[in-house]
1. With springs only between Cα atoms under 10 Å apart, run a GNM on the chain and tell me which of Y98, Y74, Y127 wobbles the most.
2. In a Gaussian network model over the chain where Cα atoms closer than 10 Å are linked, find which of R30, R72, R116 has the largest mean-square fluctuation.
3. More than 19 Å apart: what percent of Cα pairs in the chain qualify?
4. Would you calculate the separation in nanometres between label points at Y13 and D119, each defined as 7 Å from the Cα along the Cα-to-beta-carbon direction?
5. Testing the spin-label approximation: label points 7 Å from Cα along Cα→Cβ at S56 and D109. State their distance in nm.
6. R5 to T68: extension gain in nm, 0.36 nm per residue of separation minus the Cα-Cα distance?
7. Show which aspartates and glutamates lie in cross-link reach of K36 when reach means a straight Cα distance below 17 angstrom and same-chain residues fewer than eight apart are skipped.
8. Along the Cα→Cβ direction, 7 angstrom out, place labels at F20 and F75. What is the inter-label distance in nm?
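Read-outs throughout are calculated quantities, based only on the coordinates presented, and are distinct from any laboratory measurement. Computed from a predicted model, the values in this text were never measured in an experiment. Here the Cβ positions follow ideal geometry from the backbone for every residue, glycine too, while neighbour counts run over all protein chains shown.
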Amino acid sequence: MATARPVRAMDPYAEQFWAFTLSRELRLQRCAACGKFRWPPGPTCDRCLSDDFAWSPLSGKAKVLSWTTFRRGYFPEYPPPHTVVALELAEGPLFISYPVDVEPSDLRDGMTLELRWIDATDKFGEYNLPVFGPPAARG
Ligand SMILES: [Zn+2]
């Protein structure tokens with residue numbers, strides 16, 4: 001059974017983003033005019049103001065920019081201490097997520113993390129939450 005999560009902020013663009021997560025696809029809007037990926041989703045490109053876009057798949061590779069550990073509880077679903085990480089996705093957008101399978105004390109500026117998925121649910125229904133962990137061992 002999917003894990004209860006804080007209620008997502010929802011609009012027509014967010015709804016499409018989350019729909020792709022049901023098939024474990026991380027897709028962001030990519031401007032059809034200039035090619036820039038954008039996040040969070042919205043109606044126009046912040047570089048060229050075009051409103052043409054496609055939902056393009058991402059590699060799931062990311063670089064750690066920074067992180068912080070909350071020692072106060074803000075959501076019952078995320079009991080403290082809860083670490084949040086700021087990532088730069090390989091395609092460029094900045095993305096806030098949280099780390100899995102890595103101790104916060106082992107996080108390093110610039111380290112590579114890869115996309116993982118966690119089953120989740122809220123009042124809008126089931127979805128998969130993109131989280132990030134160390135690259136899987138190559139065998
Ligand atoms: Zn553009």
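1. Largest GNM mean-square fluctuation: Y74.
2. R72
3. On the way: 5299 of 9591 pairs.
Every Cα pair in the chain considered, those over 19 Å come to 55 percent.
4. Inter-label distance under the simple model: 3.1 nm.
5. 2.9 nm
6. Numbers: separation 63, 0.36 × 63 = 22.68 nm, distance 1.96 nm.
Result: 20.7 nm gained on full extension.
7. Leaving aside aspartates and glutamates fewer than 8 places away in the same chain, those within reach of K36 are D46, D51, D52, E88, E91.
8. 2.0 nm
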